[in-house]
Amino acid sequence: MTTAFETVSSGRTPSPVEPLPHQLLAALGQHRMATTNQLHDLLRPGAARQTVSTPLNRLRREGLVDYTVLPQSNRSRAWFLTSEGARLTRDFPALRGRPPYPINSATAASLKTPHTLTVVRSHLAFVADARRRGDEHGHLDWTPEVSHPLSDGERIITDAVMHYTLIGEDQRTKLRAFVEVDRATMGSERLASKLIEYARLWSYEPQAVGRQRSRQPATPGAIWLRWYPVFPRVLFVLTGASKYVLDNRISDLQAMVAQHPLVGSLARQVAMGAAVLDDLEVQGASGDVWVPLAGGERRPWTEL
């Protein structure tokens with residue numbers, strides 16, 4: 001079997017050998033927050049709801065997790081790690097290097113829930129599609145809030161970096177994507193300007209300065225090569241408004257590609273697309289629901 005490299009990914013479904021409480025802690029450490037239903041769909045789809053809710057309540061009694069009740073949700077719970085839970089998971093192999101960001105109160109959690117849970121919801125659309133197709137995309141193959149340096153000391157923080165492996169008859173194709181989840185809470189121009197930040201990351205080549213230049217030359221090439229073999233795709237997942245509004249926001253993303261020279265150069269080298277979250281959930285994340293930002297007909301995200 002050969003492998004076409006575009007990224008690295010882990011297993012298709014969580015291993016039953018690893019204890020479920022450990023998986024729950026790791027998932028919350030990775031995703032920051034998730035509802036009971038989201039954790040159920042992520043880790044034990046098809047099992048009884050109590051399979052997940054029982055160990056969650058046990059972890060809460062042990063002081064490792066807590067929850068906030070979502071408004072207008074029939075008392076649905078959004079779970080998060082306590083400071084003690086974040087300390088415990090800090091050395092989990094899958095979470096090494098991840099800032100813990102513990103949430104210290106239900107009030108603090110409630111401020112983070114809308115966007116965080118929508119990002120998890122977007123992840124679940126890809127997880128469900130991967131299971132249906134037989135691809136590899138597991139609960140730890142989606143890393144939220146990933147930061148990369150830009151020039152002038154600035155940074156870009158992407159909503160999530162996705163790892164995904166397509167499984168063919170005789171080949172495994174590994175893909176990566178930067179995922180931006182838009183709930184229509186910011187202006188459309190501000191959303192489109194995110195493309196400029198990705199174009200800056202794509203083109204940024206740090207230079208050695210001063211005495212370091214003679215002692216240790218900078219590694220040649222763009223800075224993103226420190227983490228990725230090729231530059232990840234850029235995907236926008238939109239929700240939170242009418243179809244008319246979301247279509248206009250996608251048009252504004254396309255306009256940025258057409259009008260900004262550096263973004264246009266990025267689009268000629270890197271696949272970029274946008275889709276509505278409801279369409280991902282109904283038609284599948286690999287359906288013909290992605291609008292290429294460089295123009296063209298809707299298609300799967302893997303074919304942008």
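The numbers here are math on the coordinates, done by the rules we state, and not lab data. This one's a predicted model, so the numbers in the text were calculated from it and none came from an experiment. Note: ideal-geometry Cβ built from the backbone for every residue, glycine included; neighbour counts use all protein chains shown.
Using Cα springs under 10 Å in a Gaussian network model of the chain, which residue among 69, 161, 52 shows the largest mean-square fluctuation?
69
List, in order, the whole-Hz ³J(HN,Hα) value for each residue of the range 224-236 obtained from phi through the Karplus relation with A = 6.51, B = -1.76, C = 1.60 and θ = phi - 60°; use x for Gly and Pro.
5, 5, 5, 10, 10, x, 9, 5, x, 4, 10, 10, 10
Would you mind putting 257-266, 278-287 in packing order, based on average other-beta-carbon counts within 10 Å, highest first?
Numbers: 257-266: 16.1, 278-287: 18.8.
Going from most to least packed, we get 278-287, 257-266.
Run down the lysines and flag those whose C-alpha is under 24 Å from the C-alpha of residue 112, throwing out any fewer than 8 positions away in its chain.
Result set, ordered by chain and number: 194.
Hey, what number do you get for the chain at 222 nm if only DSSP H runs of n ≥ 4 count, each worth -39500 (n - 2.57), divided across all residues, to the nearest 500?
After summing the helix terms and dividing by the residues of the chain, the value is -12500 deg cm²/dmol.
Please report, in Å, the Rg and the Dmax of the range 120-303, where both are computed over Cα atoms only.
Using the Cα atoms of the range 120-303, the pair Rg, Dmax is 17.3, 57 Å.
Could you state the number of Å between the C-alpha centres of the range 80-139 and the range 16-79?
So the separation of the two Cα centres works out to 10 Å.
Take the alpha carbon gyration tensor of the range 16-113, find the square roots of its eigenvalues, order them as a ≥ b ≥ c, and report rounded if a/c is under 1.5; if not, report prolate when a/b exceeds b/c, else oblate.
Values: a/c = 1.70, a/b = 1.05, b/c = 1.62.
Here the range 16-113 falls in the oblate category.
Pick out which of 254, 269, 38 has the largest mean-square fluctuation in a Gaussian network model of the chain, springs linking Cα atoms closer than 10 Å.
Residue with maximal mean-square fluctuation among 254, 269, 38: 269.
Which is the longest run of the chain containing none of the trypsin sites (Lys or Arg not before Pro) found in DSSP loop states (not H, G, I, E, B) with at most 12 other C-beta atoms within 10 Å? Spell out each step's value before the answer.
Details: sites that count: 49, 75, 96, 211.
Free of exposed loop sites, the longest segment is 97-210.
List the residues whose amide H sits under 5 Å from the amide H of residue 65, counting only those 5 or more places along or on another chain, with H placed 1.01 Å from N in the peptide plane.
Amide H neighbours of residue 65: 60, 82.
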